[in-house]
Amino acid sequence: MQLYLPIADIPVNVFLILAMGAAVGFVSGMFGIGGGFLMTPLLIFVGISPAVAVASVASHIAASSFSGAISYWRRRAIDTTLALVLLTGGCMGTALGVWTFTMLRALGQLDLLIALSYVILLTTVGGLMFWEGLRAMLRARGGNAVPLRRSGSHGWIHGLPLKMRFKRSKIYLSVIPVVVIGLIIGFLGAVMGIGGGFILVPLLIYLLRVPTSTVIGTSMVLTLVTMASATVMHAATNHLVDALLAVILMVGGVTGAQFGARAGQKISGERLRLGLGLLVLAVGIRFALQLVLPPEDLYTLRPLEGGP
């Protein structure tokens with residue numbers, strides 16, 4: 001069944017979009033990630049312009065993060081002080097990202113930037129996750145214990161000034177790296193349409209030594225606010241948020257996430273990381289091939305980005 005998307009300005013198969021939403025929701029539920037880094041490329045692959053895909057997926061991620069944040073709030077698994085400091089940088093990064101998005105769109109370079117950003121980000125993160133998951137599996141088969149970081153250990157980041165005590169996470173840390181991390185995640189979310197949880201969570205755990213008991217809920221609060229802000233800014237400045245597309249994706253995503261969460265409980269952590277690394281790496285390679293292979297149509301007629 002064909003459905004016309006008013007903002008994307010193309011007809012799409014509604015069952016295909018629902019299936020994509022369900023598939024990404026399944027992966028999100030299985031691996032505990034937002035899924036925006038998969039949804040945006042998939043929309044681009046089916047013909048939706050990168051600008052509309054990024055802006056529309058931001059609203060989808062915000063809605064998905066809302067229910068998760070509420071759940072973690074009820075369980076008292078959110079460090080509100082840490083979340084507020086992260087949001088200080090996150091909101092600035094989101095505003096900077098939307099401004100960059102608008103400028104590049106006016107120059108006609110937005111599509112190229114989004115494609116290159118996904119190639120670099122996904123191939124790097126996917127390769128690292130695949131390698132780490134493979135090493136963990138080989139260690140487990142060889143009977144070697146996985147070396148754990150001591151919770152009391154400190155790095156150079158813990159020597160920075162402007163320290164603040166985060167009571168819920170039980171850490172005493174400079175606000176400088178926290179604000180910088182929030183700024184980076186907010187910027188990436190606005191430009192690329194990703195929640196950034198698959199980057200934020202490892203940074204908080206391994207770089208800032210935030211306990212895992214509070215890291216996911218705190219990450220969801222940052223994702224919720226930055227993606228909601230990005231949606232409003234994109235809608236107000238660029239008029240690119242396709243609400244109909246976002247609703248269809250949400251319906252499929254919520255359904256798929258329920259099955260994915262159940263499936264993820266039956267698979268070991270090492271296999272999950274290995275599978276996710278392969279998936280992320282495959283999407284990054286697909287983007288790279290799209291950049292270097294000649295298109296099926298040598299040219300197309302479309303309105304200039306940022307034009308009237």
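Nothing in this text is a laboratory measurement; each read-out follows from the coordinates by a stated rule. Just so you know, these numbers come straight off a predicted model, no measurement behind them. Glycine gets a Cβ as well: all are built from the backbone with ideal geometry, and neighbour counts include every protein chain shown.
FRET efficiency for the Phe15 to Asp111 pair, using the beta carbon distance and R₀ = 25 Å, is estimated at 0.40. Take 3-14, 79-90 and order them by the average number of nearby Cβ atoms within 10 Å per residue, most first; the result is 79-90, 3-14. Distance between the pseudo-spin-label points of His239 and Trp73 (7 Å out from Cα toward the beta carbon): 3.4 nm. Taking the average, over residues, of other Cβ atoms within 10 Å as the packing measure, peptides 187-196, 111-120, 208-217 rank 187-196, 208-217, 111-120 from highest down. Using the Cβ-Cβ distance between Leu138 and Ser174 with R0 set to 35 Å, the FRET efficiency from 1/(1 + (r/R0)^6) comes to roughly 0.45.
For the peptides 160-166, 57-63, residues were scored by their other Cβ atoms within 10 Å and the scores averaged per peptide; the highest-first order is 57-63, 160-166.
Which length gain, in nm to one decimal place, applies between Arg286 and Leu160 when the Cα-Cα distance is subtracted from 0.36 nm times their residue separation?
Working: separation 126, 0.36 × 126 = 45.36 nm, distance 4.05 nm.
So the chain would gain 41.3 nm between Arg286 and Leu160.
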